[in-house]
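Comments concern the structure below.
Readers should treat all values here as calculations from the given coordinates under stated rules, not as data from a laboratory. In this text the structure is predicted, and so the values were computed from the model without any measurement. Don't worry about glycine lacking a Cβ; one is built from the backbone with ideal geometry, like all the others, and counts go over all protein chains shown.
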Amino acid sequence: MLKIENLVKKYGDFTALNNVSLTIDEGVTGILGANGAGKSTLLNLITDNIKRTSGSILYNERDILELGSGYRKLLGYTPQLQGMYEDFTAGQFLRYIGSLKGMKHSVVKKETTELLSLVGLKEYASTKLGGFSGGMRQRVLLAAAMLDNPKILILDEPTAGLDPEERIRLRNHIAELAKDRVVIITTHIVSDIESIADKVVLLKKGEIIRYASPKELKQEVDKVTGKRNLLEDVYLYYSEKRS
Ligand SMILES: Nc1ncnc2c1ncn2[C@@H]1O[C@H](COP(=O)(O)OP(=O)(O)OP(=O)(O)O)[C@@H](O)[C@H]1O
Ligand SMILES: [Mg+2]
């Protein structure tokens, strides 16, 4: 589906991503890495928001730069730390995003109702975003990213700052949405993706350390440490190694 080959991103002399190669299929791919590991940079390259230094990103065998707007139409994206229009109601916000995506008014209206309902905000369609909690905002952003039924859904730290209950709620919504599409999610909170990720990318200082299923990662670290590990332990094991 998405095939990333020898991807390099430099900001001036600084190499933020170094020779990243990765094939991403349908389902949930979680990207774990410390602050500055290059997670957002990788997502910004996949969404064609920034220019790569070298390498390729192929969607169904064709480079996304060649596919252009046709590719961007397949994307749903929630950037890290996204601003919202506090005076908009949830419904207005979704309709606004829908119009930016070039969707037909009638379709936007229908999908807005469906998606707000899907993320448990049906009753809040006419409530202004200014009064929403962090978790409600993230659910609105998730609904907005889902407009026009994207084939690739990209979520940059959607659970940041949420309380455990809201994190679980959002995680369940994301798991539901992952059927028949590529979902890429970054997080610091390992438990957020442990149960929903089909594959996990461990990113460190711009390089991929490991890319495998949570089960495989746990098993390989279990073998070395002689105990049963959580994905959190796996993450710590690899973060501390080779540092
Ligand atoms: N526009 C930029 N110009 C210069 N350096 C940048 C720029 N954007 C990112 N960087 C650097 O590239 C590295 C990777 O940044 P990136 O935002 O991708 O990390 P991240 O893994 O998303 O971190 P976080 O967990 O804090 O969101 C960091 O060292 C960062 O300082
Ligand atoms: Mg980031």
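Most exposed first by the Cβ proxy, i.e. fewest other Cβ within 10 Å, how do Ile50, Ile152 rank?
Listing Ile50, Ile152 from fewest to most nearby Cβ atoms yields Ile50, Ile152.
Need one number for region 81-149: average projected area of the convex hull over its C-alpha atoms, nm².
Dividing the Cα hull surface by four gives the mean projection, 4.1 nm².
Provide the per-residue ³J(HN,Hα) series for region 12-26, in order, calculated from phi with Karplus coefficients 6.51, -1.76, 1.60 and θ = phi - 60°, each as a whole number of Hz, with x at glycine and proline positions.
x, 8, 7, 8, 7, 9, 10, 6, 8, 10, 6, 10, 10, 9, 4
Take the eigenvalues of the Cα gyration tensor for region 21-121, scale each by 5, and report the square roots as semi-axes in whole Å, largest first.
For region 21-121, the semi-axes come out at 28, 18, 14 Å.
Suppose R0 equals 22 Å. What FRET efficiency, 1/(1 + (r/R0)^6) with r the Cβ-Cβ distance, do Ala175 and Glu123 give to the nearest 0.05?
Given R0 = 22 Å and the Cβ-Cβ separation, E is 0.45.
Can you tell me the 0 to 90 degree angle between the C-alpha axis of helix 164-177 and the longest principal axis of the chain, rounded to 10?
For helix 164-177, the angle is close to 80 degrees.
With θ taken as phi - 60° and the coefficients 6.51, -1.76 and 1.60, list the Karplus ³J(HN,Hα) couplings across region 39-50 in order, rounded to whole Hz; mark glycine and proline as x.
Result, ordered by residue: 4, 5, 4, 4, 5, 5, 6, 5, 8, 6, 8, 10 Hz.
For each pair in Lys179/Lys227; Lys3/Lys205; Lys51/Lys199; Lys3/Lys104; Lys179/Lys241, compute the distance between the two Cα atoms and list the pairs where it is over 24 Å.
Lys179/Lys227; Lys51/Lys199; Lys3/Lys104; Lys179/Lys241
Given the DSSP H assignment, sum -39500 (n - 2.57) over each helix run of at least 4 residues in the chain and divide by its residue total; what's the result at 222 nm in deg cm²/dmol, nearest 500? Kindly include the intermediate steps, with their values, before the conclusion.
On the way: 10 runs with 93 residues, N = 243.
Calculated at 222 nm, the ellipticity per residue is -11000 deg cm²/dmol.
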